[in-house]
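Student: The structure's right below; bear with me while I get my questions together.
The values are calculated or read from the model by the stated rules, or taken from the named source; none is laboratory data. Every value quoted in this text rests on a predicted model; they were computed, and no experiment measured them. Every residue, glycine among them, receives a Cβ derived from its backbone with ideal geometry; neighbour counts consider all protein chains shown.
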Amino acid sequence: QDTINQIAAGEVIDRPCSVVKELMENAIDAGATAVTVEIKDGGISFIRITDNGCGIEKEQIPTAFLRHSTSKIRSVEDLLTVSSLGFRGEALSSIASVSQVELITKTAEALTGSRYQIHGGKEISLEEIGAPDGTTFLVRNLFYNTPARKKFLKTAQTEGAYISSLIERMALSRPDVSIRFIQNNQSRIHTSGNHNLKDLIYMIYGREIAGNLLPVEAVKETVKISGYLGKPLISRGNRTYENYFINGRYIKSNLINKAIEDGYHSYMMQHKYPFVVLQLEIEPEFLDVNVHPSKMELRFRNQEEIYDSVYRAVHDTLAGKELIRKVS
Ligand code: ADP
Ligand code: MG
């Protein structure tokens, strides 16, 4: 059982960043309006995630760490229509099988909180403890019991950078949640939970990177696009600053990256990768989700319309600005 869980863990959890992603999604699923992420050593030795969500009842705690146990929806088709981010019930069991986890949690109804420890998939303790409403996960020494996997980790600095950009994207995708990121005791990101997208972009990237923001707006039959394109128009070297969210989720799609780049390139011949933040709303019936434990692959039934709309939205934003400049 240990081995099976460790192998399964490899598919869900391959680096500290995936721990942070799963635990942040759980926090948001739990209705948290504030989430704090603290890491040390690139998250390899220390990750602490605190939320003010619904908490877990004491009796439910050991169950939550079982493989395939979820209190959420199970249907893959519903994935993009329901509000819940997680649904596989694999994250906690996977994380616990390859690290040392301490959980402190309290529901609003309970009189006291609970503290649970599980190391390498083995329960250490479950006791009552005073705690505020919400949940704190402390994950120490990732892969301490799977040295082969630990060897594949990059430097603490690189692992930390992955986490940092994950949190940036999470913060951008949820302007309504206050997200705080503390790295090696230094506060890196702190959003208030009631920013508009533009403020949020400036808060996260700063004017230096985002520049002036040109609003992007397009409404097509099956897709709605809104967001911002950064100016000055300079190529970014890679896709780091191509941010987009589909129905509020960060999901990668080559089609969308390509549409963004082609739209940009069509206007700015010498440039390739823009700074852009787009929110796409697509009717769920046009989405096909292919789920592998470690990643989600998205396919569109209306591929052409999606490509075209994104391409047009980017192109027209640039063209519109250029016209105004020429006229004035
Ligand atoms: P999933 O998110 O797919 O349901 P997980 O393994 O990530 O599976 O979590 C298992 C269960 O633990 C969740 O279904 C939820 O009931 C509970 N849980 C996990 N994290 C939290 C949290 N931060 N607050 C409240 N409940 C949580
Ligand atoms: Mg989950």
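Student: Looking at segment 33-55, which of its residues are aliphatic (A, V, I, L, M) and surrounded by fewer than 23 Cβ atoms within 10 Å (Cβ to Cβ)?
Tutor: ALA34, ILE49, listed by residue number.
Student: Same structure again: Of the residues that make up segment 162-175, is at least one touching a helix residue (DSSP H, G or I) at 6+ places or on another chain (Cβ under 9 Å), of a type in the set (Val, Ile, Thr) and modelled with pLDDT of 95 or more?
Tutor: The answer is yes; a qualifying residue exists.
Student: Looking only at segment 260-282, how many residues end up being more than 22 Å from the chain's Cα centre (by Cα) and hydrophobic (A, V, I, L, M, F, W, C)?
Tutor: So the answer is 2.
Student: What number of residues within segment 171-222 satisfy the criterion of being in a helix (DSSP H, G or I) and in contact with a Ser or Thr (Cβ under 7 Å, 6 or more places away or on another chain)?
Tutor: Matching residues across segment 171-222 total 3.
Student: Within segment 213-271, track down each residue that is polar (S, T, N, Q), closer than 14 Å to VAL310 by Cβ and free of Cβ contacts under 8 Å to residues at least 40 places away in the same chain.
Tutor: ASN254, ASN257
Student: For the list (1) assigned by TED's automatic domain parsing to the domain that holds LEU23; (2) loosely packed, with under 15 Cβ neighbours inside 10 Å, I need the number of the one condition that ARG174 fails.
Tutor: (2)
Student: When the residues of segment 20-61 are filtered to those that are more than 16 Å from ligand 2 (Cβ to nearest atom), part of a strand (DSSP E or B) and of a type outside the set (Ser, Thr, Tyr), which remaining residue is farthest from GLU102 (Cα to Cα)?
Tutor: The residue in question is ALA34.
Student: Determine whether segment 64-84 contains at least one residue that is more than 16 Å from ligand 2 (Cβ to nearest atom) and either modelled with pLDDT of 80 or more or closer than 21 Å to ASP133 by Cβ (or both).
Tutor: Checking segment 64-84: not a single residue is more than 16 Å from ligand 2 (Cβ to nearest atom) and either modelled with pLDDT of 80 or more or closer than 21 Å to ASP133 by Cβ (or both).
Student: Then there is this: Taking only segment 232-273 into account, find how many residues are part of a strand (DSSP E or B) and hydrophobic (A, V, I, L, M, F, W, C). Steps first, answer last, please.
Tutor: Step one: of segment 232-273, the residues part of a strand (DSSP E or B) are 242-246, 249.
Okay, now just the ones that are also hydrophobic (A, V, I, L, M, F, W, C), so 245-246.
Adding up the residues that qualify gives 2.
This table checks each residue for (1) within 14 Å of ligand 1 (Cβ to nearest atom); (2) crowded, with 23+ Cβ neighbours inside 10 Å; (3) not in a strand (DSSP E or B).
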| position | (1), (2), (3) |
| --- | --- |
| SER94 | yes, yes, yes |
| VAL101 | yes, yes, no |
| ILE104 | yes, no, no |
| GLU109 | yes, no, yes |
| ARG115 | no, no, no |
| ILE118 | yes, yes, no |
| ILE124 | no, no, no |
| GLU127 | no, no, no |
| ALA131 | yes, no, yes |
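Student: Only one of (1) in the same structural domain as THR36 (by TED's automatic domain parsing); (2) without any contact (Cβ under 8 Å) to a residue 12 or more places away in the chain is not met by ILE167, so which one is it?
Tutor: That leaves (2) as the condition not met.
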